[in-house]
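Have a look at the structure below, then the notes.
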2 protein chains.
Amino acid sequence: MTGPEIDRLIQLLAKLPGLGPRSARRAALHLLKKREALMTPLAQAIGRAAEAIRTCSVCGNLDTTDPCAVCADTRRDAALICVVEDVADLWALERGRVFAGGYHVLGGTLSALDGVGPEDLNIAGLMRRARNGVVREVILATNATVDGQTTAHYLADRLAEIEGIKVSRLAHGVPVGGELDYLDEGTLAAALKARRAM
Amino acid sequence: MTGPEIDRLIQLLAKLPGLGPRSARRAALHLLKKREALMTPLAQAIGRAAEAIRTCSVCGNLDTTDPCAVCADTRRDAALICVVEDVADLWALERGRVFAGGYHVLGGTLSALDGVGPEDLNIAGLMRRARNGVVREVILATNATVDGQTTAHYLADRLAEIEGIKVSRLAHGVPVGGELDYLDEGTLAAALKARRAM
């Protein structure tokens, strides 16, 4: 029905998260209709970003510089490291502008099911950084999933070996704007247990 | 937080239908992580498709050849023309493999609200094709929306001028697999009115 170039474009677009075969077709058609305004600029933008992208050798973030903009920013507190599973989590925290320390991207979680062990994650790098004499606190901000929490416990054990390092984790509780009626019992129990005086 | 190349990539991805700012970020991150396997091939595929794409001078389809693969296919019945609003509709009918005639893409519908008149659509081309002596039937397959049906009525009036041309439209009724309980009254009324003997 269409040329091989279009079929190939649809196939590749369908590999993006959030786009299935149907929406990939719609996206391809949208691109084809906006050749000058969108299609050519997008091809260039992807090509340029692909060339420019680097993995930060300090924290594992993806950026166009190495060390990344976060690690290179001297106004940030180098004594604080926030450990996250994925670059997406780092970006989410940065969007919130709530944290002004450094990050460390693990690149996943420990998972017995998927055969992911400590050597598969960026843990050696974290231990090295935690021993550099500057770091005072490591905040474990892995996801509140079983694998995320297992990984946090494992890291807390490993970091306990290093003297003078405080290890903390994100608070559990009711999300801001959340309704109790829609929350699971685990969250409610955690929020109750961690209640604070008003 | 990230380099300008990445910001630009996210901005352009967010312009694709089906991707908002949040999913564009996820898509960009997915691309950055799969640089060799997906990112570079996608940039090339978009670039190549942008270069190769043509609008068919006969029917208005988008393809890498002009006339398009549908118009160039001599096994198809040139006496039948199916009029659709958009290339996406043509692709949908072709996916169904239910029609073996030619198409004509209007490029939209008449719309008093949006100021779209007959001269803004590919109607002159349709009238020319309908007069070529080969065409025997024009099937109006515009959407079953107010604008789509208005356009169909307008085209039926125009085509009535040409002698020997049959004008038809798609049947209305219960979608295959559809449940009556979930259908609107308009569809139910149309399905009842167009009932057929079993």
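The values are calculated or read from the model by the stated rules, or taken from the named source; none is laboratory data. The structure displayed is predicted, hence computed values, not measured ones. Positions of Cβ are backbone-derived with ideal geometry, glycine not excepted, and every protein chain shown enters the neighbour counts. To get the accessible areas, we keep the full protein, side chains included, count just its heavy atoms, and leave off ligands, DNA and RNA. Shrake-Rupley method; radii C 1.70, N 1.55, O 1.52, S 1.80 Å.
Taking all protein chains together and a 1.4 Å probe, the residues A:Lys15, B:Lys193 rank B:Lys193, A:Lys15 from largest to smallest accessible area. Shielding of peptide B:18-27 by partners, expressed as the average count of other chain Cβ atoms within 10 Å per residue Cβ, is 4. A simple spin-label model places pseudo-atoms 7 Å from Cα toward Cβ; at A:Ala144 and B:His153 they are separated by 5.7 nm. Centre-to-centre separation between the Cα atoms of segment B:104-122 and those of segment A:27-82: 40 Å. When the square roots of the Cα gyration tensor eigenvalues are ordered a ≥ b ≥ c, the ratio a/c for segment B:45-114 is 1.5 or more and a/b does not exceed b/c, which makes its shape oblate. About its Cα centre, segment B:67-198 has a charge dipole of approximately 740 debye under the convention of +1 per Lys or Arg Cβ and -1 per Asp or Glu Cβ, with nothing else charged. Near A:Ile139, the amide H atoms lying under 5 Å from its own belong to A:Ile81, A:Cys82, A:Val83, A:Ser168; only residues 5 or more places off or on other chains count, and H is placed 1.01 Å from N. For segment B:86-102, backbone phi angles converted through the Karplus equation (6.51, -1.76, 1.60; θ = phi - 60°) give residue-by-residue couplings of 9, 4, 4, 5, 4, 4, 4, 5, 5, 4, x, 6, 10, 9, 10, x, x Hz, Gly and Pro being listed as x. Converting phi to 3J(HN,Hα) with the Karplus coefficients 6.51, -1.76 and 1.60 and the offset θ = phi - 60°, segment B:35-52 yields 4, 6, 7, 10, 5, 5, x, 5, 4, 5, 5, 5, x, 5, 5, 4, 6, 7 Hz in sequence order, with x at every glycine or proline. Quick one: P(r) of segment A:108-154 from all Cα-Cα pairs, 10 Å bins, percents rounded to integers, in order of increasing distance. Binned Cα distances yield the sequence 25, 51, 21, 3. Extending 7 Å from the Cα toward the beta-carbon at both A:Leu113 and A:Val174 defines two label points whose distance is 3.1 nm.
Rounded, prolate or oblate, given the Cα gyration tensor of segment B:9-52, with a/c below 1.5 counting as rounded? Taking the square roots of the gyration eigenvalues as a ≥ b ≥ c, segment B:9-52 is oblate.
Picking from A:Ala72, A:Ala156, A:Ala27, which is most flexible by a Gaussian network model of chain A using Cα springs under 10 Å? Result: A:Ala27 has the largest fluctuation of those listed. Start at zero, step by 5 Å, and the Cα-Cα distances of chain B spread as 1, 6, 11, 14, 13, 13, 12, 11, 8, 6, 3, 1, 0, 0 percent across the bins.
Accessible area ranking (1.4 Å probe, heavy atoms, ligands and nucleic acids excluded), largest first, for A:Arg75, B:Arg25: A:Arg75, B:Arg25. Other protein chain C-beta atoms within 10 Å of residue C-beta, averaged over A:50-61: 3. Heavy-atom accessible area, probed at 1.4 angstrom with all protein chains present, ranks B:Met198, B:Met39 as B:Met198, B:Met39, highest first. Using a ≥ b ≥ c from the Cα gyration tensor of segment A:104-198 (square roots of the eigenvalues), is it rounded, prolate or oblate, where a/c under 1.5 gives rounded and otherwise the larger of a/b and b/c decides, a/b for prolate? Verdict is oblate for segment A:104-198.
The aspartates and glutamates whose alpha-carbon is closer than 19 Å to the alpha-carbon of B:Lys193, local same-chain residues fewer than 8 away aside, are B:Glu179, B:Asp181, B:Asp184, B:Glu185. Accessible area of A:Leu13 (1.4 Å probe, protein heavy atoms only, ligands and nucleic acids ignored): about 0 Å².
Across peptide B:31-37, the average count of Cβ atoms from other chains found within 10 Å of a residue's Cβ is 5. Bridging of A:Lys33 to lysines at a Cα separation below 28 Å is possible for A:Lys15, B:Lys15, B:Lys34, once same-chain residues fewer than 8 apart are set aside.
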